[in-house]
């Protein structure tokens, strides 16, 4: 597929060939500039940019090799296609060694030259896309995404900067919504393993057998639904990082098997008698106090110390109120861009409400509140009326534990009570099913897609299930 904006410079001392290439490639959707004089073409190349260059090898004044050198000295990534006569194939091979992308021998068919141009441009597009994705990943998971000017966050950034280049196992502790997975990704993408896989799994979302299969893999016939051999996350993440979310929910028997993996650095797939050496880094996270859990006997003490080689604690938002305005601005910029809105700002009264709220749901709750404000704002300045109702009316009467504005209509009150009921019911339901959405749908006698839509509506994730009562 060609892009009409892609420009091609054709250089050939034969006027007829220039006209032919301009017509053929122009019909293919390219913007073609053709020059019979190589000197004039090189002068043009100094002033303007082209996505590809097609040049004859043998020309008076300046030959194709000199054109190739000039193009590569200006822009090493610009592909060059050499046009050769039968007797100059040796020169074409030499040109390929010097950096030419392809060559086409005379006489050629129109389709040959079109195919050669499309191939070299497609390779260029892939290289540029790969570079763009790498920059996007680096930007997304650098410390810049973890916004915080407070002393606690600055200390955390320094710790991440120290631990990221190592292979030390890290245990991230913090309340729900504080950004534990984001911290894990920051560790991975600022480590020597950044180019390798980052694999995440929620330890409380699967029953024991499936969790073992997900982590260690299985052989064909290892259990009823094992139709074929499958690699586990640990083996699939070879050379990279495995993130164990809510590791405190890992069943006792799995704790023993995972401890063995940390000690031996090898796995045994479910149903197999062979062991496989695996090189992965482990980063775990939990909302629980695992040290107390281990002292109380509900989590293996030896596994706790294996995981907490480097313990990191993510502070709740209420402990760093000075970060609220920076976070709100960060989310406003990111989410407004996604929503296709222009530059948005918070009106001072709206920012005052954000600054004084206790944020029990932490950073995730703040992000949801900012998204709500973007959706409901009719202007580029977001006022208090755009924020969620519970933020606008902090001192309102209670109806069975539900905050309601004093002037709420019957419809508004009913909707608020329904929202609170739905969120509470769904959170407990997901907890009962240990994060398994299909099982939750069965327990609630609901259609699975309808349940997923409700979970999305209320921003309930599997992580929330870990902290909900069973």
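Quick rundown of the values:
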read-out: Length-normalised contact order of region 318-392 in % [C-alpha pairs under 8 Å, at least 6 apart]; value: 36 percent
read-out: Sorted by Cβ density within 10 Å, fewest first, the residues 206, 126; value: 126, 206
read-out: Gain on full stretching of the segment that runs from residue 229 to residue 322 - 0.36 nm per residue minus C-alpha separation; value: 28.3 nm
read-out: Rounded to 5, the percent of DSSP beta bridges in the chain classed as antiparallel; value: 10 percent
read-out: Inter-site label distance for residue 72 and residue 292 at 7 Å from Cα along Cβ, in nm; value: 6.6 nm
read-out: The chain, relative contact order [Cα under 8 Å, separation at least 6], %; value: 11 percent
read-out: Protection-proxy order for peptides 217-228, 372-383, 278-289, each taking the mean of Cβ atoms within 10 Å per residue, highest first; value: 278-289, 372-383, 217-228
read-out: Sites residue 417 and residue 265 - FRET efficiency at Förster radius 45 Å, r taken between beta-carbons, to 0.05; value: 0.25
read-out: Listed peptides 178-190, 350-362, 438-450 by packing density, highest first (mean Cβ within 10 Å); value: 178-190, 350-362, 438-450
read-out: Residue 276-residue 355 FRET efficiency (beta carbon distance; Förster radius 35 Å; 0.05 resolution); value: 0.10
read-out: Burial ranking of peptide ranges 167-175, 15-23 (average Cβ count within 10 Å, highest at the top); value: 167-175, 15-23
read-out: Over the chain: helical MRE at 222 nm, DSSP H runs n ≥ 4 each giving -39500 (n - 2.57), nearest 500; value: -14500 deg cm²/dmol
read-out: Entry for Rg/Rh (Cα atoms, Kirkwood Rh) (calculated from the structure that is shown) out of (i) 1.11; (ii) 0.97; (iii) 0.95; value: (i)
read-out: Crossing angle, helix 180-189 versus the chain [Cα axis fit, 0-90 degrees, rounded to tens]; value: 30 degrees
read-out: Residue-span extension gain [residue 385 to residue 338] - 0.36 nm each, minus C-alpha spacing; value: 14.8 nm
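No value in this document is a laboratory result; all are computed from the given coordinates. The shown structure was predicted, so the numbers you read here are calculated from the model rather than taken from an experiment. All Cβ positions, glycine included, derive from the backbone under ideal geometry; neighbour counts span all protein chains shown.
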